[in-house]
Amino acid sequence: MEQLEVYEQRFLQVRRNIEEAAKRAGRRPEEITLLPVTKTQPIDVLEKAYRLGMRIAGENHVQEIVEKKQHFGDRVHFHMIGHLQRNKVRQVLDKVELIHSMDSLRLARDIDRIGGELGLCPRILIEVNVAGEESKYGISVEELPDMLEQLSSLAHLRVEGLMTIAPFVENPEENRPVFRTLRQLFIDNKSNPFHNIEMNVLSMGMTNDYQVAIEEGATLVRIGTALFGARQYTTA
């Protein structure tokens, strides 16, 4: 079977799963955005995905975004979904449509300052470490109200919602409380008074648990392995 056919079948299956999960939750499938995660995937794979309709892609590393953006230009809009180092902000700010991983006030201030210098108003999501895993980035649930108030004073960024990375578990049902907690935070802060903060995007759910995330209110799911198979790494 040709590789393009394999990808086409995978994309169709994921979209069917999204549709079914949405229907189970009494939601419309078009409310959920599929973000293909293309980290470590080579350009030729992205070109195949583009032929199948991919117009947005999630990347973890700044260098990959720079290289892939140079190739695709405006044909594909990239999202930064990995941890963003403060010293890499300037390199990536004009190349991404949305930063999912704003995880500290210091990073937010750098994004705001550099955004102002470049004449940009970057769109960001606040990463919340709902499960409290030490190995993951993100602010705690308890820190969110203060973070929102602090971000409200920054003129050159726009908060568009929340993101979390749930624990990797064998049974995706185990992550339902994580997704439910983030959705409640999303709802509780939707009517905040801050001019630069709108709760429109709830980014949660990956290959092993995205259907549960959709049932719990995700508006965007980040899918890599289910679409592209195992990640491709290069060796020196």
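The values are calculated or read from the model by the stated rules, or taken from the named source; none is laboratory data. Please read these numbers as outputs of a predicted model, since none were measured by experiment. Cβ: placed from backbone, ideal geometry, glycine included. Neighbour counts: every protein chain shown.
Of all residues in the range 129-138, those being under 19 Å from the mean Cα position of the chain (by Cα) and more than 13 Å from HIS83 (Cβ to Cβ) number 4. Flag: GLN41 matches the condition of being at pLDDT 95 or above, part of a loop (DSSP other than H, G, I, E, B), over 15 Å from the mean Cα position of the chain (by Cα) and not β-branched (Val, Ile, Thr). In the range 192-199 there is no residue that is polar (S, T, N, Q) and either free of Cβ contacts under 8 Å to residues at least 24 places away in the same chain or crowded, with 21+ Cβ neighbours inside 10 Å (or both). Take the range 19-44 and flag every residue that is under 17 Å from ALA57 (Cβ atoms) and touching a residue at least 60 places away in the same chain (Cβ under 8 Å). Once the filter is applied, which keeps residues that are under 17 Å from ALA57 (Cβ atoms) and touching a residue at least 60 places away in the same chain (Cβ under 8 Å), the range 19-44 yields ILE32, THR33, LEU34, LEU35, PRO36, VAL37, THR38, LYS39, THR40, GLN41, PRO42. Taken over the range 153-173, the criterion of being surrounded by 15 or more Cβ atoms within 10 Å (Cβ to Cβ) and more than 19 Å from the chain's Cα centre (by Cα) is satisfied by LEU154, HIS156.
In the range 182-205 there is at least one residue that is under 16 Å from the mean Cα position of the chain (by Cα) and within 23 Å of GLN9 (Cα to Cα).
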